[in-house]
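To start, the structure itself, in structure tokens.
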Amino acid sequence: MSQGKTAWVPGRYPPARRGDHVDVYKSAKQGEVKIHDPYQWLETSSEETSTWIKDQVEFTNEYFNRISDRNRLKDLMMENVDFAKFSAPSRKGDKRWYWYYNSGLQPQSVLYRSIDENLPDFSKTEGAGGEVFFDPNLLSDDGTAAIATTAFSEDGEYFAYGISLSGSDFFTAYVRKTSVPYRAIDGKRPDVDEGIVDTLRYIKFSSLEWTLDNKGIFYQRFPDRESHEDARWTTHREVKIKGIKADDFLVHQEWYTGKDGTRIPMFIVRPKDIKKDGTASALQYGYGGFSYSVGPAFSATILTYIKAYGAIYVVANIRGGSEFGEEWHLAGTRERKVNVFDDFIAATEHLTKTGWVAPGKVAINGASNGGLLIAACLNRAPQGTFGAGVADVGVLDMLKFADFTIGRAWTSDYGDPHVAEDFDFIYPISPLHNIPDQELPPTLLLTADHDDRVVPLHTFKHTAALQHKLANNTHPLLVRIETSAGHGAGKSTEKKVSEAADKWSFVAYSLGLQWREEGTQEGKSKRDEL
């Protein structure tokens, strides 16, 4: 395993104008506080913002193109995600069974149904079984139209569904007769309006719920059944993934001690041949907020990465989640939010101290609230703690989060920056306002142009601030901006794989990892000068 540093020539970032904008906040300790916000102009769409985005995309892609393993990793990931995926069937009021199926690389999963009242025997059926009922892949050419939510009427006569475009949290709901499926006819796209009996627009963060008499739907929007209790089914499907075998990996739980003495669990996933000898690298994931417990999950792209590079994957169940109830959640909120960051840093220290990984070989990753976690830990941890950081769609301007879209709802966990007492514990942890005067490891921020939950301004402003203050950082501080995508939901298979390949090849390159040939510890990754 190479121990070299990332090949990087500092001081070449795209320019970003620093304005004179100042915001005024109230502090219980200091009274009136004036905060300079030089990149406030990145909060709005303009020709200047568009130019900055274009320059950043080109700059980051230039760097990505130097990573020799990038395409190889993407190709292997595409192979390993090319397996059949399906949901559990459910019986609806028309007495038919419905389920989702994806043959492997379809952009969006397709909704299938049984041809009659009987559930197909999937153990004896090749492919999806049944018939196509609704194929969202026919709604767009690039796979960016996705089903956001669904609801069948109690009698099964109508199918209500929400369609989100380009990953937006907003969706338009349609009510369709179940007697009129939406599927290709002789290989051609059908009339999208055929079978539609109603259209509901400007819906966000809402389910669709039918009245029991099948005459209407409950939902919330922005301004401008027959009993199935006796039905039983049993089904079993097995899939094989080309380059991944479950028997090739091990998973176990360990406990470690946080900064304040709290005992915290983590899960470690690793290829069987990786030993606890202090030479491996690690990809460490965390969230720590909003009472969300990080539970078991399967990721073909993560397993592909750790197998290719002989790494371990670590999930730290830090405070802020609900792994141990509401007390565990509250211990990571408001003025106690620092516990979340300290728990995550302690996880990295545990991995190096106990001999799982080599010093400086831990890359950290999180998304949304977890993106805040990563950026805050990069700011807060002693220099050299991490080998790389990848922050997806993070909440990074903690003084502005409540001013945009759904951000006001997050004050329950973060506090309200417009309340004097809350400002005093929010400002010291805001990543944008606390960039340290020290070397940061290779850092990649990610956002999407249609993210209307954690709006892109967080990542835009933090990128500009990092590149200004740490212009001579000896490691890259980059941003990946996805187009025609949102906070993450509804992303096509190809976009998911491309993003994973960019992120994890960046990490491997940053850590100086070498690709392992099958059954060996050695690789052939070449690192080029940029």
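The values are calculated or read from the model by the stated rules, or taken from the named source; none is laboratory data. Please read all numbers here as calculations on a predicted model, not as lab measurements. Glycine also receives a Cβ, built like all others from the backbone with ideal geometry; neighbour counts cover every protein chain displayed. Accessible surface is based on the protein model in full, side chains and every heavy atom, while ligands, DNA and RNA are left aside. Shrake-Rupley method; radii C 1.70, N 1.55, O 1.52, S 1.80 Å.
A few notes on this one:
- Virtual spin-label span in nm between residue 150 and residue 246, 7 Å along Cα→Cβ: 2.6
- Using the 1.4 Å probe convention, the accessible area of the chain works out to 45 Å² per residue with neighbouring protein chains retained.
- Dipole of the chain, positive end: most advanced residue of 148, 365, 412 [Cβ charges, Cα centre]: 365
- In the stretch 345-475, the portion of solvent-accessible area held by carbon and sulfur atoms comes to 53 percent [1.4 Å probe, whole percent, DNA, RNA and ligands not counted].
- Taking 7 Å steps out from each Cα toward its Cβ at residue 103 and residue 125 produces label points 1.6 nm apart.
- Per-residue ellipticity at 222 nm from helix content only, as computed over the chain with -39500 (n - 2.57) for each DSSP H run of at least four residues, stands at -6500 deg cm²/dmol.
- The share of accessible area on the stretch 1-95 that comes from carbon and sulfur is 47 percent, using a 1.4 angstrom probe.
- Shape category assigned to the stretch 77-227 from the gyration tensor of Cα positions, a/c cut at 1.5: oblate
- Theoretical FRET efficiency, 1/(1+(r/R0)^6), r = Cβ-Cβ of residue 483 and residue 180, R0 41 Å, to 0.05: 0.75
- Between the C-alpha center of the stretch 19-41 and that of the stretch 291-350 there is a gap of 33 Å.
- Once both labels are positioned 7 Å from their Cα atoms along Cα-to-Cβ, the gap between residue 21 and residue 336 label points is 3.5 nm.
- Surrounding net charge for residue 399, when Lys and Arg each add one and Asp and Glu each subtract one, Cβ distance under 13 Å: -4
- Shape analysis of the stretch 229-388 based on the Cα gyration tensor places the equivalent ellipsoid semi-axes at 27, 23, 13 Å, largest first.
- Eigenvalues of the alpha-carbon gyration tensor of the stretch 233-297, scaled by 5 and square-rooted, set the equivalent ellipsoid semi-axes at 28, 21, 10 angstrom, largest first.
- Rounded to the nearest 20, the size of the Cβ-charge dipole of the chain about its Cα centre is 1340 debye, with Lys and Arg at +1 and Asp and Glu at -1.
- Normalised size of the stretch 255-329, defined as Cα radius of gyration per 2.2 N^0.38 Å with N residues, equals 1.22.
- Among the GluC sites (Glu not before Pro) found in the stretch 87-192, those both in a DSSP coil and sparsely packed, with 12 or fewer other Cβ atoms within 10 Å of their Cβ, are 117, 126.
- P(r) of the chain over all Cα-Cα pairs, binned every 10 Å from zero, in whole percent: 3, 17, 26, 26, 18, 9, 1, 0
- Computed FRET value (nearest 0.05) for residue 383 with residue 259, which takes r as the C-beta separation and R₀ as 25 Å: 0.90
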